[in-house]
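A short write-up of the structure that comes next.
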Amino acid sequence: MTAVNPMTKAARQAQIADILTRSRVRSQEELAELLAQRGVRVAQATLSRDLDELGAVRLRGSSGSLVYALPGEPGGPGSRPGGVAAGEGHSGSWRATPVGVRGGLGPRGLGGHSRLFADAADQPDRLARVAADLLLSAEASANLVVLRTPAGGAQLLASAIDHAGWASILGTVAGDDTVLVISRDPAGGDQVAQALLRLAERRV
């Protein structure tokens with residue numbers, strides 16, 4: 001079973017949130033280095049916007065130096081955003097949707113669709129938009145795919161997948177931040193995961 005993360009805005013912000021909850025980060029340069037270690041390359045301007053949207057603030061740590069803190073962290077102003085760590089699965093502790101997601105639909109343009117399935121060519125644009133904004137990771141095993149979203153996003157993503165009408169997908173089951181996708185092919189989970197990831201990354 002292999003976990004894979006798309007390079008969507010939501011996934012990138014989830015990585016940032018995870019780093020800030022696990023490490024004392026003193027600067028944007030240090031944060032960019034930690035992201036790069038996870039395979040996420042980001043421009044300084046984009047990183048600055050992400051921190052602003054996540055509500056990150058700089059607070060004086062116990063050592064006396066200024067470090068970034070998320071809302072909901074000790075001394076922070078609010079609640080933490082949702083997300084998953086790279087290759088580690090669901091953290092289970094975050095309950096709020098990242099500010100940048102804003103309910104799951106954003107002003108993204110739409111591009112082409114995955115070519116892994118013939119039935120993907122005519123899928124609704126809604127799935128492209130929703131996947132780009134909500135899909136944080138996909139993990140496949142046999143004919144099953146586990147998709148992670150920000151808290152509260154699973155129902156919307158599952159609905160978009162259901163209405164896309166992919167013949168290769170038998171159905172979905174959604175919780176709060178997790179979608180289980182069932183492939184018709186007994187070994188088709190990985191192909192479904194890759195198709196969804198490519199779709200999500202198309203216009204990032």
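Brief remarks on what is shown
- Between 144, 196, the distinction of being at pLDDT 90 or above, within 24 Å of residue 10 (Cα to Cα), in contact with a Gly (Cβ under 7 Å, 6 or more places away or on another chain) and not basic (Lys, Arg) belongs to 144 only.
Condition check ((1) at pLDDT 85 or above; (2) over 15 Å from the mean Cα position of the chain (by Cα); (3) loosely packed, with under 12 Cβ neighbours inside 10 Å; (4) not assigned by TED's automatic domain parsing to the domain that holds residue 193) across all residues:
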site	(1), (2), (3), (4)
12	yes, no, no, yes
29	yes, yes, yes, yes
32	yes, yes, no, yes
55	yes, yes, no, yes
62	no, yes, yes, yes
85	no, no, no, yes
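- Meets criteria (surrounded by fewer than 16 Cβ atoms within 10 Å (Cβ to Cβ) and either at pLDDT 90 or above or under 19 Å from residue 11 (Cα atoms) (or both)) for residue 104: no
- The residue that is nearest to residue 150 (Cα to Cα), among those in segment 14-27 that are surrounded by fewer than 16 Cβ atoms within 10 Å (Cβ to Cβ) and out of contact with any Gly (no Cβ under 8 Å at 6 or more places or on another chain), is 22.
- Counting only strands (runs of 3 or more DSSP E) that sit completely within segment 121-176, those holding 2 or more residues that are on the phi < 0 side of the Ramachandran plot and of a type in the set (Ser, Thr, Tyr) correspond to 137-141.
The values are calculated or read from the model by the stated rules, or taken from the named source; none is laboratory data. Computed from a predicted structure; not experimentally measured. No Cβ is skipped: glycine too gets one built from the backbone with ideal geometry, and neighbour counts run over all protein chains shown.
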